[in-house]
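J.: Here you go, one structure.
Only the coordinates and a few stated rules stand behind these numbers; no lab work does. Note that this is a predicted model, so its numbers are computed, not measured. Cβ atoms come from the backbone with ideal geometry, glycine included; neighbour counts cover every protein chain shown.
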C-alpha cells in the first residue's frame, strides 16, 4: 500500500513524461503488477486526452493590430494618470489644504485634471484608430444561433454588468464619509482597482454601443470613464479633496440616476455585488 | 498600429541593454493572450487580462532585473493578474458555481447512441467543448493556472515553479489535484475514463 502511495505521488510527472528513466522504470514495473494503480493512471491519462480535445476560437486576423492599439491607449491613459497624480494631484489639490481656501482652486485643478485625462484618452484613441472589434466565433456556436443575436445579447449583458459595477462603485464613493469612518480608515485601493478595470473595458463598450446605435448609453459610458479616471487617480489614502470633487461630479452629472434609468430601460438586473462599498 | 508604437524604448537593466517594450509585446502578445484565454475562458476577458498584464509589465519594466526570461516574467504577471481578479470577482465565481449544475444538466451526456461516443464526431462536438470549459472553471485559480501552463503551454514543471515562484513539489501536487478534479468533472464520460469502479 505504501508502494502504491509513493507511485501515485509521481503520477503528475509521469503523465507529462517528466520522470527520469530510473523512476519511470520503477513506475512501469509497479503499474504492470498493480491493477488498481494502473487503472487510476489510465483514467487520468484519459482525462488529459479529453482535455486535449479543447479548441480555442481564434481571433480574426486584424485582432492583433487592434490589440496593440488598445494597449497603446491604456499605456497612454496610465501615463496621463501618473502625470496628473504627480503634478496636478499632489500640488494643486493640496493647495486647498495649505491655504485653507474655499476650494475654488481645487475645483479648477480638478477640472484641469479631467480635461487632461480626457485629452489623453482622446489622443490615445485617435492615434490608434481602433477598428470595430469582432472576434471570430466558434463555428458550432455560430451555427446554433444567429451571430447578430448572440452579439446583441452579449453586449446587453456586458453593458448591464458594467452599469451595475459602476453603480456599486459610485455608491461606495459618494457615501464615503471620513468624519464617520475616520480618515485613517479610508483606503481607496479597492475603488481604484475596480475603476481601472472598468476604464479598460470602456473604449470597446463605447464603440460597440455606438455601432449598435445606442448613442445615449455610449455617452454615459464616456462620462463614467472620466469619473472613473478621477477615482483611479486618487492618492492612495486620505485624498479627501479628490473624493469631494468626484462626489460633486457624480451629483452634477446625475450619473447614478442615469445609470438607474438605463438599467431600467435595458432590463438590467439588480444583483448582490461584492464590489467595494462604503460598508465593506 | 504596430506594436512598436506602444511605448518608446524603455531603459531596462539587463546587461545594460535597453528593453524595447514594443518588441516585448510583439514577441509575446499571442502566447500571453492565449494564456489569458485559457485562464478566463472567453475572448473579452482574455483581452482585458492580457492588456492588464502588459500594462503591469510596462509599469514594472524598470524593476525587471532580467534574472528570468521576459516570457517567464510575463507568465508570472499574467497569472498574478488573473489570481487578483479572481479574488475581486467572488460574485462572478459564485455565479459560475450556481450556473454549473444547470448548464451541465443542459448538456447532453454521452450515451451509447450519442455521437459523442464516436471519437471522430466527438472532436467536432460543441458539447464536449463546453464540458471542458466548465470543468476548467471548477478548478481553483492556482490549479487552473498550473494546469493550463503545463497542458496547453507545455511548460515543464520546474519552469512553472520558476514562473510562479512556487516550489516544484507544490506545482506537482497542485497539478495532480487539478487533473483529479477534471477527472471528476468529466465523469459523464465515465466508461472512457475508466471511472466505473472508483468515482
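J.: Calculate the spin-label point distance for residue B:69 paired with residue A:62, positioning each point 7 Å from the Cα along the beta-carbon direction, and give it in nanometres.
T.: My value for the distance between the label points is 3.4 nm.
J.: Taking R0 as 22 Å, what FRET efficiency do you get between residue B:83 and residue A:154 from their Cβ-Cβ distance, rounded to the nearest 0.05? Working shown, then result.
T.: Numbers: r = 25 Å, r/R0 = 1.16.
After rounding to 0.05, the efficiency reads 0.30.
J.: What's the average, rounded to a whole number, of partner chain beta-carbon atoms within 10 Å of each residue's beta-carbon in B:178-186? Write down the numbers at each step before the final one.
T.: On the way: counts 2, 10, 6, 1, 5, 8, 1, 1, 4.
Neighbouring Cβ atoms belonging to other protein chains average 4 per residue here.
J.: Plugging the Kirkwood radius over Cα pairs into Stokes-Einstein for the stretch A:2-51, at a temperature of 37 °C and a viscosity of 0.692 mPa s, what D comes out in µm²/s?
T.: The estimated diffusion coefficient comes to 301 µm²/s.
J.: A follow-up question, please. Starting from the 7 Å offset along Cα-to-Cβ, what nm value, one decimal, do you get for the label separation of residue B:167 and residue A:175?
T.: If labels sit at residue B:167 and residue A:175, their model points lie 4.4 nm apart.
J.: Oh, and also: Roughly how crowded by other chains is peptide B:145-153, in terms of the mean Cβ count from those chains within 10 Å of each of its Cβ atoms?
T.: Numbers: counts 0, 1, 2, 2, 0, 5, 6, 4, 0.
Per-residue shielding by partner chains comes out at 2.
J.: Starting from the coordinates of the alpha-carbon atoms of the stretch B:120-189, obtain the Kirkwood hydrodynamic radius over all distinct pairs and give the value in Å to one decimal. Before the final figure, lay out the partial values.
T.: Working: mean 1/r = 0.0785 Å⁻¹.
Its Kirkwood hydrodynamic radius stands at 12.7 Å.
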